[in-house]
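Novice: This is the structure, below, for whatever I ask next.
The values are calculated or read from the model by the stated rules, or taken from the named source; none is laboratory data. Bear in mind the structure is a predicted one, so any value in this text is a computation, not a measurement. Here Cβ is always computed from backbone atoms with ideal geometry, including for glycine, and neighbour counts include all displayed protein chains. For accessibility, only protein heavy atoms count, side chains too; no ligands or nucleic acids. Shrake-Rupley method; radii C 1.70, N 1.55, O 1.52, S 1.80 Å.
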Amino acid sequence: MSEKHPIVTRYQGNPILTKEDVPYPVATVYNAGVVKHEGSYLMLFRSNLQNGRSIIGRADSDDGYSFQVAPKPFLTPSKNPQFAEYEEWGVEDLRICPCEGEYLLTYSAYSRHGVRIALARTKDFQEVERVALITQADMRNVVIFPQKFNGRYVRLDRPHSEISPWSTWISYSPDLVHWGDSKILIKPVHYHWDEMKVGPGPQPIKTKEGWLQIYHGVYKTMSGTVYRL
C-alpha cells in the first residue's frame, strides 16, 4: 500500500449527490447502495425527512458520477399490516444483491420494537415485492452473497448487542425467509481502529482470490465515534 499507488482514491468531484439534488423535501442524503442495471448505474440512498424518519430514494446515472434523482421516493414505510408495525419509524441503509436473475434488497426496518432486517426483491426496480422480516430485534447490516452455496443462501449480519459486542456473523437459508446455522466471523479488537463495532459493508465481491468483503469498523473517541472501512 504505497502512497504513490493507493488502493482507493477519492473522486475530486465529490459530493456526487446532496439533499439539494432531491426533488422532494429531505434533510440528508447518505448510506447508498449502488448497482449496474441494464447498462446504467442505479443508486438507492437513505434520506431523513424533516421529522427524522428515514426513507429510501432512487437516483440513476449513465457514467456513475452524474446522478438524476427520481421524482418520488423508492421505498417508504409499508402500509401492509405484516410490515407496517415494524417499519413505522423508517426504512434505512439498503443493500442491493444481484442474485439468480433478480435483485435482493435488504434494509433496516425501525420501530418502537427496535431495528429488524426486512427483505424485498425486484427485477426492474419498478415493482418491489416485500418478502419477509428476516431477523428479530436488534439486527443491522445484512448483506447476502450473490450466489447459493450447496443449495443455500448465505448472509452476513451484525447483531446490535453488547453480549458479543457488535460483531459480524454468518447465517444460512434454504428459502431466504428462514435463517440459521449461525456462526460468528469477526469481532472488534481492543485498542484497534475497529474496537467498538464491525459490520458488513456492500455485498461480498467474488474475485479470483476468493470472496472480498469490505467491512466498516467503529472507534469511539471523546468527541464521538469514527467510522472507517
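Novice: Is there a residue being open to solvent by less than 30 Å² (accessible area, probe 1.4 Å) and at positive phi anywhere in segment 140-156?
Specialist: Looking through segment 140-156, at least one residue is open to solvent by less than 30 Å² (accessible area, probe 1.4 Å) and at positive phi.
Novice: Out of the residues in segment 36-65 that are part of a strand (DSSP E or B) and open to solvent by 60 Å² or more (accessible area, probe 1.4 Å), state the one that is nearest to G101 (Cα to Cα).
Specialist: Selected residue: K36.
Novice: OK, next. Search segment 67-89 for residues being open to solvent by 80 Å² or more (accessible area, probe 1.4 Å) and among the polar types (S, T, N, Q), and hand back the single one that is nearest to G201 (Cα to Cα).
Specialist: Among them, the one singled out is Q68.
Novice: Sticking with this structure for a sec: If we only count strands (runs of 3 or more DSSP E) wholly inside segment 174-229, which ones have 2 or more residues that are open to solvent by 60 Å² or more (accessible area, probe 1.4 Å)?
Specialist: 180-186, 205-207, 210-212, 215-221, 224-228
Novice: A further question on this structure: Can you tell me which residues in segment 12-31 are farther than 21 Å from D93 by Cβ and surrounded by 10 or more Cβ atoms within 10 Å (Cβ to Cβ)?
Specialist: P23 - this is the single residue of segment 12-31 that is farther than 21 Å from D93 by Cβ and surrounded by 10 or more Cβ atoms within 10 Å (Cβ to Cβ).
Novice: Quick one: E85 ticks every box in (1) at pLDDT 95 or above; (2) in a strand (DSSP E or B); (3) not small (G, A, S) bar one, so which box is it?
Specialist: Here E85 meets the rest and fails (2).
Novice: Could you give me the residue pairs with C-beta distances under 8 Å whose first residue belongs to segment 114-129 and is on the phi > 0 side of the Ramachandran plot, whose second residue is assigned to a strand (DSSP E or B) wherever it lies, and which are 6+ apart or on separate chains?
Specialist: That search, which allows pairs on different chains as well, returns F125/H37; F125/L42; F125/R58; F125/Y103.
Novice: Which pairs do you get when a residue that is within 11 Å of S61 (Cα to Cα), found in segment 20-49, comes within reach of a residue that is of a type in the set (A, V, I, L, M) and open to solvent by 30 Å² or more (accessible area, probe 1.4 Å), reach meaning Cβ atoms under 8 angstrom, with the pair 6+ apart or on two chains?
Specialist: Matching pairs, first to second residue: Y41/V34; L42/V34; M43/A32; M43/V34.
Novice: For segment 100-114, which positions are of a type outside the set (S, T, Y), closer than 21 Å to V154 by Cα and at pLDDT 95 or above?
Specialist: If the condition is that a residue be of a type outside the set (S, T, Y), closer than 21 Å to V154 by Cα and at pLDDT 95 or above, then E102, L104, L105, A109 are the ones that fit.
Novice: If you check E92, E129, which single one turns out to be open to solvent by 10 Å² or more (accessible area, probe 1.4 Å), at pLDDT 95 or above, over 23 Å from G210 (Cα atoms) and under 14 Å from the mean Cα position of the chain (by Cα)?
Specialist: E92
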